[in-house]
Each structure stands twice: as structure tokens, then as C-alpha cells.
Amino acid sequence: NKMTSNRKIIQFSLISIGMLLILATYFLYPKIEKSRLEEDKIVKDETIIIDNEDESSNIFEAVEYKGIYKIDNRFTITSDKANITTEDPDMVNMTNMRCVLYLNDGRTVEILSDRGVYFKSTYDIYFRGNVRATDGESILLSENLDLLSNEDEVSVYKNVILTNDKGSLHADRIDFDLLTKKFHISMLGDKKVKIKLIK
């Protein structure tokens, strides 16, 4: 009796594991794979040019990536040129970057810069040089902007100018909360924030 009940337990366990494997193989895995392919792939045709001086890197033209920002907000990032090295194929150095964030409340945020870096595995984006970001209500100008995919804030720093219908201000650093639409403004040292109201 004891041996029969042990066999039944083992048979039931094996059947349960088999059913889980079948469900995972036919239902869960295809959804995960489809989601991964949709979120992280190059969707435009790329013209590949091998840099003869440095065979450890590839240069791509007209590149576009899609991804997810903060779990449920989509984004697209494009650049005129992208350079991927063999040492770190996850890191994409980009020239003339344009990123559009599609927030789940219907708003869009557009960010432009001369150059920057995009990490394909984490979706983190670092914009550098003549950065311009706008959500349709405010315009942020700076030299640097960091967009980390698992954070609610966008960090903008170095020669920052914020302009909206209430006025404009200069600061060393502004952190913009995408959820609350609030700005945290900071200056280095004892300097005061310069604010100019537009009448």
C-alpha cells in the first residue's frame, strides 16, 4: 500500500511537471520571445560599413531601436550613424540622436542630441551635446541628459535652461519626474538659481 501510494505520488508529480513543460513550451515561451523581439531589435534597414582603420568596430547608418521605458512606456531611438565595437556589442555609440518616449498617459517626450550612447540590454540612454528635450509644454536645453529605463526621473545637467509658459531659468542640474511632471532644480555650491519670468 505504501509503495503504491509512493508510485501514485511520483506519477502525479511527473504528470504535473510534464503539463507545466507543455504549457511553458507552447504558451509562455512564444509570448516571451515575441515580446523580446518586438522590444529590442533594429527595425530599419542598416547599411553596414566596416571601418578599415579599426576592424574591431562596425558603423551603421540610419539606425532605429525600439524598447520599453519603466515597464509600460514605449520608446524609439534613431540616429544617423551608430558605432558598435566588438569589445562591447551591447553599447551603441550614436550620432545625431532622436528619441521619442510614448508615455502611457498619452504624452510624448522628444529628446535630440549631437551624440550619445544606447545600451541595448538595459535600454539606458545617455545624450551628449546640444541636448533638446520637450514634452510639448516645456523645453529643456543642456549638454547632458541621462534616461535610465528603470527610473521615473530624467536627469539633465550642465548648462541647463528650462523654458515654459511660466518663464525660463538657468541651473546646473534639473531632474524631471515623468510621472508627476515636477522639476527638481539644483545649483552647485552657493550659487542661486537664475529665473527670468516671461510676461
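Quick notes on this structure:
- If you go through segment 94-110 and keep only what is open to solvent by less than 60 Å² (accessible area, probe 1.4 Å) and either assigned to a strand (DSSP E or B) or in contact (Cβ under 8 Å) with a residue 60 or more places away in the chain (or both), you end up with M94, M97, C99, V100, L101, L103, V109, E110.
- Top-ranked residue of segment 121-165 - restricted to ones that are among the charged types (D, E, K, R) and touching a Gly at 6+ places or on another chain (Cβ under 8 Å), ranked as farthest from M187 (Cα to Cα): R128
- In segment 116-134, residue nearest to N58 (Cα to Cα) [restricted to those that are hydroxyl-bearing (S, T, Y) and open to solvent by 10 Å² or more (accessible area, probe 1.4 Å)]: S121
- Screening S113 against (1) crowded, with 17+ Cβ neighbours inside 10 Å; (2) small (G, A, S); (3) under 13 Å from the mean Cα position of the chain (by Cα); (4) modelled with pLDDT of 85 or more leaves a single unmet condition, (3).
- Options L140, L188, L197; residue that is at pLDDT below 90 and under 20 Å from M97 (Cα atoms): L140
- Any chance K81 is part of a strand (DSSP E or B), closer than 20 Å to S186 by Cα and modelled with pLDDT of 85 or more: no
The values are calculated or read from the model by the stated rules, or taken from the named source; none is laboratory data. Predicted, not measured: the structure shown is a model, and the values here were computed from it. In this analysis, Cβ positions are derived from the backbone assuming ideal geometry, glycine residues included, and neighbour counts consider all displayed protein chains. Protein only, heavy atoms only, side chains kept; ligands, DNA and RNA dropped before computing areas. Shrake-Rupley method; radii C 1.70, N 1.55, O 1.52, S 1.80 Å.
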